[in-house]
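The values are calculated or read from the model by the stated rules, or taken from the named source; none is laboratory data. Here the structure is a predicted model, which is why all the values come from computation and not from measurement. Counting neighbours? That spans all protein chains shown, and the Cβs are built from the backbone with ideal geometry, glycine included.
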Amino acid sequence: MTDDYDVLVVGGGIVGLATAWALARERPGLRVLVVEKEDRIAGHQTGHNSGVIHSGVYYRPGSLKARYAVAGSAAMVRFCAKYGLAHRVTGKLVVATEPTELAGLAALAERGRANGLRVTELTPDRIGAHEPAVSGLAALHVATTGVCDFTEVAACYARLAGEAGVDLRTDCELVGAERRADAVTVRLRGAGGEREARCAVLVNCAGLQSDRVARLAGDETGVRILPFRGEYYELAPGARHLVRGLVYPVPDPAFPFLGVHLTRGVHGEVHVGPNAVPALAREGYSWRTVHPGDLARLAAFPGSWQLARRHWRQELGELHRSASKRAFTRAVRRLLPGVTGADLVRAGAGVRAQAVGRDGALLDDFAFAGFDPADPRSPRRTVHVLNAPSPAATASLPIGREIASRALAALAAGG
């Protein structure tokens, strides 16, 4: 027996759940199914981050990241307050510790203001007023940055979507899809074996598996997901007093990651990290997790080699900090001179889904594929989220509305 749905969403992370809830709000009575291959929601990127509600200071003015982060951070704070979820608006320091970073700090201040943020420039004595244990030559204070627990947020999205009639199935993996003129027929595999479902529109919010799901659905997007693992430490309980809120370094504009930073979470813990090292599997949360098939497919993709040529120096540093706690501690001490190796305790890791083109170019902004209302030749039955790295969790409410809008347009166009 085949179940019929208007929209089937692949991926039970925060973006997929926000999309499903947005669909249910926008079109009451719409038949929506969310499938998640793990036995729980938010099992990958959503559940393995430090919980920062990003303000939007880093992102190019006019980009989707900038627009969605600024709108999304305010929306996320309101959402958490409305539904009683733990959150705090702590503000954030971005600290220059070397003279060579001062120009980058000034450019970041200009970018933040262009995005509509209130950014305050701090002299060394004013840094101590916010973070007494932090040292630097200059800093920016961004008041609207905060923290929450995105796993709790995702669970709330799932509950609200369910109350609105969305069907959510965990332990349910998409293993096949056949797109026809009138519908997409999918094969789903779970504990009870395989079953089929039909949907008018397939929405791909599969994160680390998003490029594979796109190809299963018959769409070759020209990009691949490269997994980068971010490894965290935490401050030992006796050292947590060293950090009040959030402290970041000045990012390297040539490298797509923000560097080792300090985050006091909503439950009192202080995350330190992450670094960014290539993962040896799509879902490789440690060096021990190796998937030969994943590695072979990445090696066969030209963009992997092009990317390695461009960023090998930075990656050597990341690998060194992964292998050496002493090297990691030195990176932390640039911001927090009083910390010692004994103050750092190994914590968890996350894996970031980074989309890369065949030329090795990193997709810097949020990226979508599939149905495009402006292109009559675009596929009418699919919507793909190709690239949704940080600040996707922060911006999940406006991103969910955007994806839902595309899905509804595809539904109308498909008939």
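Some points to look at:
- Boolean, GLY259 is on the phi > 0 side of the Ramachandran plot and touching a Leu at 6+ places or on another chain (Cβ under 7 Å): no
- Pairs meeting the criteria (first residue in region 153-180 and among the charged types (D, E, K, R), second residue part of a helix (DSSP H, G or I), beta carbons under 9 Å, at least 6 apart or on different chains) are GLU163/ALA24.
- When region 68-91 is filtered for residues that are among the charged types (D, E, K, R) and in a helix (DSSP H, G or I), the ones remaining, listed by number, are ARG78, LYS82.
- Entry remark, region 285-322: residues being aliphatic (A, V, I, L, M), touching a strand residue (DSSP E or B) at 6+ places or on another chain (Cβ under 9 Å) and without any contact (Cβ under 8 Å) to a residue 60 or more places away in the chain number 2 in total.
- Positions within region 130-183 being among the hydroxyl-bearing types (Ser, Thr, Tyr) and within 22 Å of the chain's Cα centre (by Cα), in sequence order: THR144, THR145, THR151, TYR157, THR170
- Among the residues of region 296-307, none qualifies, meaning not one is touching an Asp or Glu at 6+ places or on another chain (Cβ under 6 Å), hydrophobic (A, V, I, L, M, F, W, C) and either under 28 Å from VAL213 (Cα atoms) or surrounded by fewer than 19 Cβ atoms within 10 Å (Cβ to Cβ) (or both).
- Whichever residue in region 350-366 is more than 14 Å from ALA392 (Cα to Cα) and not hydrophobic (A, V, I, L, M, F, W, C) and, among such residues, is nearest to the chain's Cα centre (by Cα): GLY350
- Candidates VAL201, VAL223: the one that is more than 25 Å from PRO391 (Cα to Cα) and β-branched (Val, Ile, Thr) is VAL201.
- Residue that is surrounded by the fewest Cβ atoms within 10 Å (Cβ to Cβ), among those in region 209-221 that are more than 19 Å from LEU411 (Cβ to Cβ) and out of contact with any Gly (no Cβ under 9 Å at 6 or more places or on another chain): GLU220
- Extreme residue, farthest from VAL77 (Cα to Cα), among residues of region 90-114 that are out of contact with any Leu (no Cβ under 8 Å at 6 or more places or on another chain) and of a type in the set (A, V, I, L, M, F, W, C): ALA103
- When VAL201 is tested against (1) part of a loop (DSSP other than H, G, I, E, B); (2) among the β-branched types (Val, Ile, Thr); (3) out of contact with any His (no Cβ under 9 Å at 6 or more places or on another chain), just one condition goes unmet, and that condition is (1).
- The residue that is surrounded by the fewest Cβ atoms within 10 Å (Cβ to Cβ), counting only those in region 344-381 that are charged (D, E, K, R) and assigned to a strand (DSSP E or B), is ARG346.
- Within region 48-67, the presence of at least one residue that is over 19 Å from LEU117 (Cα atoms), part of a helix (DSSP H, G or I) and either within 18 Å of the chain's Cα centre (by Cα) or among the polar types (S, T, N, Q) (or both) is confirmed.
Yes/no per residue for (1) crowded, with 17+ Cβ neighbours inside 10 Å; (2) over 28 Å from TYR59 (Cβ atoms); (3) at pLDDT 95 or above:
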site: GLU234; (1), (2), (3): yes, no, yes
site: ALA239; (1), (2), (3): yes, yes, yes
site: ASP252; (1), (2), (3): no, no, no
site: PHE255; (1), (2), (3): yes, no, no
site: HIS267; (1), (2), (3): no, no, no
site: ALA323; (1), (2), (3): no, yes, no
site: ALA342; (1), (2), (3): no, yes, yes
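- Taken over region 145-184, the residue count meeting the criterion of being β-branched (Val, Ile, Thr), surrounded by 16 or more Cβ atoms within 10 Å (Cβ to Cβ) and not in a helix (DSSP H, G or I) is 5.
- Selection count where residues are charged (D, E, K, R) and either crowded, with 22+ Cβ neighbours inside 10 Å or outside any helix (DSSP H, G or I) (or both), scope region 115-144: 3
- Of the criteria (1) crowded, with 19+ Cβ neighbours inside 10 Å; (2) closer than 30 Å to LEU30 by Cα, which one VAL94 fails: (2)
- Enumeration of residues in region 81-108 that are more than 25 Å from the chain's Cα centre (by Cα) and of a type in the set (S, T, N, Q): THR97, THR100
- Among the residues of region 29-82, those identified as in contact with an Asp or Glu (Cβ under 8 Å, 6 or more places away or on another chain), of a type in the set (A, V, I, L, M, F, W, C) and closer than 22 Å to SER210 by Cβ are VAL32, LEU33, VAL34, VAL35, LEU64.
- Residue match in region 272-288 (condition: at pLDDT 95 or above, closer than 25 Å to ALA393 by Cβ and in contact with a His (Cβ under 6 Å, 6 or more places away or on another chain)): yes
- LEU335 being crowded, with 22+ Cβ neighbours inside 10 Å, out of contact with any helix residue (DSSP H, G or I) (no Cβ under 9 Å at 6 or more places or on another chain) and of a type in the set (A, V, I, L, M): yes
- Criterion violated by GLY112 - all others in (1) exposed (fewer than 15 other Cβ atoms within 10 Å of the Cβ); (2) part of a helix (DSSP H, G or I); (3) in contact (Cβ under 8 Å) with a residue 24 or more places away in the chain satisfied: (1)
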